[in-house]
1. Note the full-extension length gain between residue 54 and residue 34 as 0.36 nm times their separation in residues minus their Cα-Cα distance, in nm to one decimal.
2. Working from Cα positions, state the angle (0 to 90°, nearest 10) between the long axis of helix 106-123 and the longest principal axis of the chain.
3. Given a cut-off of under 8 Å on Cα pairs at least six residues apart, what relative contact order in percent is computed for the stretch 50-126?
4. Are any of the pairs 118/223; 146/172; 13/172; 23/223; 13/93; 107/132 more than 25 Å apart by Cα-Cα distance, and if so, which?
5. Between the stretch 168-236 and the stretch 23-70, what is the C-alpha centre distance in whole Å?
6. Kindly express, to the nearest 10 degrees and within the range 0 to 90, the angle between helix 41-57's C-alpha long axis and the longest C-alpha principal axis of the chain.
7. Below 8 Å between Cα atoms, with a sequence gap of 6+, how large is the relative contact order for the chain in percent?
8. Rounded, prolate or oblate: which fits the stretch 70-179, taking a ≥ b ≥ c as square roots of the Cα gyration tensor eigenvalues, rounded meaning a/c under 1.5, else prolate when a/b beats b/c?
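Readers should treat all values here as calculations from the given coordinates under stated rules, not as data from a laboratory. All values reported here derive from a predicted model rather than from experimental measurement. Here the Cβ is made from the backbone with ideal geometry for all residues, glycine too, and neighbour counts use every protein chain on show.
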Amino acid sequence: MPTDEITVNLLLKIMNNSLEVMKANEKYLTHLDAEIGDADHGINMVRGFSLVKNRLSSLTNPNIGTILNTVGMSLLESVGGAAGPLYGMFYIKGSEPTRGKTEINKKDLAALLEAGLKGIQTIGGGAVPGEKTMVDALDPAVKAVKESINNDGITFMMALEKATEAAKEGMKKTIPLIAKKGRASYLGERSIGHQDPGATSSYLLLQTMLDTLNGKIGLEVTKFGTDGSIIEEMYI
Ligand SMILES: [Mg+2]
């Protein structure tokens, strides 16, 4: 059901599918975090999106803004480590340009992703691309959607596909980087050769948005390399 906008019902579905995808990749994300962090990213994301599902189910007559704000508040409250505040801020700030809206078009998507990324950067010690964080996946995704805004030849779905591809490329590029932010930065050069867990969950969440709009749930990484790179992924 490729679409040119995300409705309230589709957004609720995306969030519920995000929980399924985090569950399916819990061990993978935790493995990545064990390499350069404290081995809790998968567990944290599952806990966070479980609360998201719970809270969203009790909203009455939600709009895009209230959904995204509720997602952010739930993640802020339930996800431990740095990921809670960062993802919390992403959705809370991302909710601002979509307040009162009942659907998201291509332009809204760009605005929400950009506002979310800025939210992360304000509390993430001003993280910029190249520092081995979720910003490495999100920044190129934002750029991809922004580039599509004034190009009528690029549909909503194409823009989202480009964003997801860009996030995946950005995620892969974190492998050779030295971590400059967060717990992984304490490792210095030993952080080289490991894919960043936050960039990976960011990619998976964008991919889930795309997959949901294509009538699927999302992907499970079923095989990965010693550097954490994805070798095989399958639809759940
Ligand atoms: Mg951690």
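1. Answer, rounded to one decimal: 4.4 nm.
2. The answer is roughly 40 degrees.
3. Worked out over the stretch 50-126, it gives 30 percent.
4. 118/223; 13/172; 107/132
5. Cα centres, the stretch 168-236 to the stretch 23-70: 15 Å.
6. That works out to roughly 20 degrees.
7. 22
8. Verdict is oblate for the stretch 70-179.
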